[in-house]
Structure formats: C-alpha cells, structure tokens
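Below: one structure, written as structure tokens.
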Amino acid sequence: MASRSLTLYVGVTGHLQRRVEQHKAHSFDGFTAQYNIDRLVYFECYNYVNNAINREKQLKRWRREKKIALIKLKNSTWLDLSKEWGTLTEMQVPPLRSAAPRSGRDDKS
C-alpha cells in the first residue's frame, strides 16, 4: 500500500479486499491512518500463509529503493489497483502477480 506522497506499507492478510477497504476507511489508528496510506499499488498471492509471512518479512528488510523498483516493475504508474473493486465481485479481482511457493532461501539485499 502507498500514500499519494509514496509512503509505503507492507503487510500480509488472508482477505485482501477487506483489508484494503479497512485501510481506505482508516478503520484502525496507526501508521497507515497517520500517513494516509490508502492505495493498493502492488500485491502478491500465495497458497500458504507461511510463504506469505516469509515474503512480508523479506520485503520489510528491503531498502525503500528496492521496494519502489518492484512496484514500478508491475505498476509503473502507481495506479490504485483496488479502484474498481466497488464494481467487481471479489472473485473477479484479477491478481497482479501470482507467486509460486518460495524455497526457504531469502534475498537479504
């Protein structure tokens, strides 16, 4: 997730559409509400929660520049990928990238 000023937030959830709606509504006090982080600019899908959590931890260790490069690779104009969700059912929301289960190795750069 990102703000218009490009402040970034990385998180994991079992229900992406609901969680994005919570961020947009600022349902919880904290970092995303404080910095108005309400745009979905990148996401990955995983079949296993452990893989998703490992990827979240990996991304959180990355430098900001590397995160921005990853976002630009798939969403060069930083569009809010959830913008049309109000008119789509959950099953119609296309994934930006489906990631295969990862090995136990981590990229620590």
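Any read-out appearing in this document is the output of simple, stated calculations on the displayed coordinates, not a laboratory observation. Remember, it's a predicted structure, so these values are computed and weren't measured experimentally. Because the Cβ atoms are built from the backbone with ideal geometry, glycine has one as well, and the counts that use them run over all protein chains shown.
Listed values, structure above:
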item	result
Of all residues in the range 22-42 being within 13 Å of L81 (Cβ to Cβ) and out of contact with any helix residue (DSSP H, G or I) (no Cβ under 6 Å at 6 or more places or on another chain), the one that is surrounded by the most Cβ atoms within 10 Å (Cβ to Cβ)	R39
Those helices (runs of 4 or more DSSP H) lying entirely in the range 1-90 with at least 3 residues of a type in the set (A, V, I, L, M)	16-25, 49-61, 64-74
Boolean, R55 is surrounded by 12 or more Cβ atoms within 10 Å (Cβ to Cβ) and either without any contact (Cβ under 8 Å) to a residue 40 or more places away in the chain or closer than 21 Å to L79 by Cβ (or both)	no
